[in-house]
Amino acid sequence: MDLPRKLSELVGADAVLTAPADLAPYLTDHRRLYQGAAAAIVLPRSTEQVARVVAFCNQVRIPVVPQGGNTGYVGGATPMDSTAIVLAMGHMNRIRAVDAANFALIAEAGCTLAAVQDAAMEADRLFPLRLGSEGSCQIGGNLATNAGGTAVLRYGMMRELTFGLEAVLADGSVISSLSPLAKDNTGYDLTRLLIGSEGTLGVITAACLKLFPRPRATATAWVAISSPSAAIELLARLRAASNERLTTLELVPQVALQLVVQHIAAARDPGLAASPWYLLIELTSGHTEDLDSLLTQLLASASEQGLVTDAAIASNAAQRENFWRLRESVPEAQRKAGGSLKHDISVPVASLPRFIEAGSQLVARIAPEGFLVAYGHAGDGNLHFNVNQRAGTDLTAFAAREAPLKRAVHDLVAQYGGSFSAEHGIGRLKVDELRRYAQPPELAAMHRIKQALDPHGIMNPGKVL
């Protein structure tokens, strides 16, 4: 079969790539953990084209790998089979509608997150998902992985930010539910099933997203604390006193701050007294109000109680931007500092301090060539529990610690009733982990769902299950 010719008949010759140089950018994942292979890259421009391509692939049993901005951390968008096609969704990048009255926006899957944020702001609304990769990650990928980010504490993950979806199933049929309905109990919730399914059940082509009032006031602080326990106590106090204005509470250890200041040229130390731990805290409000004064009062009270040892509240946009840069640049700083072993975990919020203490002991015992860099979304219990290589140690010896450390950390997460994949998904990297930690009836149900919706197994094979 002349696959390029057939695909060109379905979508046009200019939307089919087969030259090795054209394929290459789509075959390696963001972290360069996997080098894939594919027969062709298809660049659809409409849902109808996606449906035609998927129906054809289902008929002739060709694997289909949906790919957005390719910014994932678990190899979920990397093709594994040289017979596969990659559906690269970047040309489906229209904002179809903005419905300010219903606080809704319809975006195609190839829209970048930043484009969606901008469209919402133009309508005097907010789309609150915030990620470090927002300029390149795409809404389809955000939906496929149920993305989280730094505002989950207030707004939730993508499942909570979505009214409905348009998607192409494995047989080429199209389901569409793009109405901004707050209540809809008509049968199974296919939207929530497809969100987080990582392209294994169908291809998301568009979504009706939830918008919120645009913030009229913001207060941002960089806060020194003595321990994660102080962070959790402060979280409870802030939530109680701020009446849902608390949007972000990010935990950053001193070692992460030092890495960022050392390796990120634009980053500036906030100038607080040295402390083992810091928090990035942000309050927002849809009303015009003095949140700086409110946050100052709350932090002063916490200081009197011994929960805060020092704090700086951003007095202008540049200072606020620097505070955010200090937090969002941690992954880049880690990469520049050397090898890193990564774990994307979550535990119940109140358990974070005990988990960090126990996990620190595991790192010291199992990976002495490394040091712990545990940072992230303390407000919702999600930590990037990473370990960086110590200067002067052997990289090979350090890398050899990855498997035993991963097992120990994930077993510890399970003991605390947590998740080994809080927001990055399963993809290819964590398939074995899902098999190990999922309850057998739960895993069996997932397999039955996969079989029902994709009986020939063409949708992103080798991922999740």
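The values are calculated or read from the model by the stated rules, or taken from the named source; none is laboratory data. Quick caveat, the model's predicted, so the values are computed rather than measured. Cβ: placed from backbone, ideal geometry, glycine included. Neighbour counts: every protein chain shown.
Observations
- Residue count, region 386-445 (criterion: acidic (D, E), surrounded by 15 or more Cβ atoms within 10 Å (Cβ to Cβ) and either in a loop (DSSP other than H, G, I, E, B) or assigned by TED's automatic domain parsing to the domain that holds N142 (or both)): 1
- So V464, is it touching a residue at least 60 places away in the same chain (Cβ under 8 Å), in a helix (DSSP H, G or I), outside the structural domain of R159 (by TED's automatic domain parsing) and closer than 26 Å to A147 by Cβ: no
- Hey, V260 in a helix (DSSP H, G or I), touching a Ser or Thr at 6+ places or on another chain (Cβ under 8 Å) and outside the structural domain of A151 (by TED's automatic domain parsing) or not: yes
- Those helices (runs of 4 or more DSSP H) of region 1-93 in which 2 or more residues are of a type in the set (S, T, N, Q) and buried (at least 18 other Cβ atoms within 10 Å of the Cβ) occupy 47-60.
- Every residue from region 107-120 that is surrounded by fewer than 23 Cβ atoms within 10 Å (Cβ to Cβ) and part of a strand (DSSP E or B): T112
- Residue in region 374-381 that is surrounded by fewer than 22 Cβ atoms within 10 Å (Cβ to Cβ), outside any loop (DSSP other than H, G, I, E, B) and among the aliphatic types (A, V, I, L, M) present: no
- Residue in region 76-98 that is assigned by TED's automatic domain parsing to the domain that holds C208 and within 24 Å of G376 (Cα to Cα) present: no
- Restricted to region 136-221, the set of helices (runs of 4 or more DSSP H) holding at least 1 residues that are basic (K, R) and either in contact (Cβ under 8 Å) with a residue 60 or more places away in the chain or farther than 27 Å from L246 by Cα (or both) comprises 152-155.
- Among the residues of region 397-428, those that are closer than 30 Å to S173 by Cα, of a type outside the set (G, A, S) and modelled with pLDDT of 95 or more comprise I426, R428.
- Taking the conditions (1) assigned to a loop (DSSP other than H, G, I, E, B); (2) surrounded by fewer than 18 Cβ atoms within 10 Å (Cβ to Cβ) in turn, A240 satisfies each one other than (1).
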